[in-house]
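Everything below concerns the one structure shown next.
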Amino acid sequence: MLSSPTEQRRRTANLSWLIFAKIGAAVLVVWGAGTLTFIALHTIKGDPVNIILGGDSVVRPSDREAIRVSYGLDRPIVVQYLTYLKRVFTGDLGNSYQLQRPVTEVLGEQLWPTVALAVPAVVLAIVIASVLALLTAGRPRLRAVASSFELLSVSVPTFWIGILLLWIFAFTLGWLPASSAETDVSLVLPIITLALPIAGLLSQVLRDGVEDALAQPFVVTSRARGASRATVLLRHAFRHALLPATTLAAYFVGATLGGAVLTETVFARPGLGRVTLQAIGAKDMPVVLGIVVLSALVFIVVNTLLDLLYVVIDPRLRKG
């Protein structure tokens, strides 16, 4: 059936409003994240000039003042804040105090190692969680075993998982390298380390959703009509459980991109996590602010893709 002109105009207006709302939300997220980090860093004691000089270097007061002027540190804090916002929204994140290089260049070099670690880890976690949920849903004994694994993987700190995997597969068995950023094989242990806690939490959400769906009337009707358990699980129950699990998985994609610091440290890998840790310790404000803005943008992109994925998973949303 063809939509009426009024209905088409209504849908166009709704789409326009949705796009406007998404853009507005993106601006607010970037502004909020950058502002909070700017305030937090400026409340920490210490002179940024000392960081730029590489410590409490003995230099003439005139030289220190020249550095302060060149970085705009002599201006009132409000002017520094407004200048920072202007540069952020024009794509200029300034220069690193420590490295004396553009922040965009520093982050660009470290982004791919983190993406190469985080994205496969989330994919592996989704596979593990899906298999566990489908095999254990509605089966009390298997569920008990899976719950033990989930509780252990979520409770044990990530760095302990990494150390344990290193001890078994690198130091004892010698199957995999302990640390290296040059080969794909070196990613295996870090990916598993990052994936296990995510899989433990995600499988709980998926299994609860599957078991909830199995109790719904439409599933009972399908079974009464002769549909097999596998068909009911894959075509009905699993799809019903995907919406909340997809939301959680999208969160993990954003979180792992900015929060892989422990895994990168344990396996001595480059990446945004280690850069973040070093920048915070050195109060390298441009780098910290740049990482926060990048993390905010990642969450915006992931949430936008999530909205599109919702429509694919649940066709009922297309009629809205």
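The values are calculated or read from the model by the stated rules, or taken from the named source; none is laboratory data. What you are looking at is a predicted structure, and each value in this text was computed from that prediction instead of being measured. Neighbour counts are summed over all protein chains in view; Cβ atoms, including those assigned to glycine, are modelled from backbone coordinates with ideal geometry. Only protein heavy atoms, including side chains, enter the accessible area calculation; ligands, DNA and RNA are left aside. Shrake-Rupley method; radii C 1.70, N 1.55, O 1.52, S 1.80 Å.
Charges were assigned to the Cβ only: +1 to each Lys and Arg, -1 to each Asp and Glu. The resulting dipole of region 51-166 about its Cα centre is roughly 400 debye. Using amide H atoms built in the peptide plane, which far-off residues or other-chain residues are under 5 Å from Asn95 H to H? It is Val103, by chain and number. Residues in region 23-32 carry Karplus couplings, in order, of 5, x, 5, 4, 4, 5, 5, 5, 4, x Hz; the curve used is 6.51 cos²θ - 1.76 cosθ + 1.60 with θ = phi - 60°, and Gly or Pro positions show x.
Using a Förster distance of 35 Å, how high is the FRET efficiency between Tyr251 and Asp63, based on the Cβ-Cβ distance and rounded to 0.05? Present the calculation step by step, with values, prior to reporting the outcome.
Details: r = 47 Å, r/R0 = 1.35.
Rounded to the nearest 0.05, the efficiency is 0.15.
State whether region 60-112 is rounded, prolate or oblate according to the following rule on the C-alpha gyration tensor (a ≥ b ≥ c being the square roots of its eigenvalues): a/c under 1.5 gives rounded; otherwise a/b larger than b/c gives prolate, and the remaining case gives oblate. Spell out each step's value before the answer.
On the way: a/c = 3.88, a/b = 1.40, b/c = 2.77.
Oblate.
Applying the Karplus relation 6.51 cos²θ - 1.76 cosθ + 1.60 with θ = phi - 60° to region 81-94 yields 3J(HN,Hα) values of 5, 5, 5, 4, 4, 4, 5, 4, 6, 10, x, 9, 9, x Hz, where x marks Gly and Pro. In this structure region 97-214 gives 51 Å² per residue of accessible area when probed at 1.4 Å with all protein chains present.
In order along region 291-304, the Karplus-derived 3J(HN,Hα) couplings, from 6.51 cos²θ - 1.76 cosθ + 1.60 at θ = phi - 60°, round to 5, 5, 5, 4, 4, 4, 5, 4, 5, 5, 4, 4, 5, 5 Hz, and Gly and Pro are given as x.
For region 131-196, the square roots of the Cα gyration tensor eigenvalues, ordered a ≥ b ≥ c, give a/c of at least 1.5 with a/b greater than b/c, which places it in the prolate category.
Each peptide in 294-306, 263-275 gets a packing score, the mean of other Cβ atoms within 10 Å over its residues, and the list from highest to lowest is 263-275, 294-306. The amide H of Val156, built 1.01 Å from its N in the peptide plane, has no neighbour under 5 Å, considering only residues 5 or more places off or on other chains.
Taking 0.36 nm per residue of separation and subtracting the Cα-Cα distance, full extension of the segment from Val123 to Ala268 would add 50.0 nm.
Under 5 Å from the amide H of Gln216 lies no amide H of any residue 5 or more positions distant or on a separate chain, with H modelled from the backbone and absent for Pro and chain starts.
At a 1.4 Å probe radius, carbon and sulfur cover how many percent of the accessible area of region 242-292? After summing per-atom areas, the C and S share lands at 74 percent.
Give me the percent of the accessible area of region 184-225 that comes from carbon and sulfur atoms, probe 1.4 Å, all protein chains in place. Could you put the intermediate results ahead of the total?
Numbers: 1080 of 1820 Å².
The value for region 184-225 is 59 percent carbon and sulfur by accessible area.
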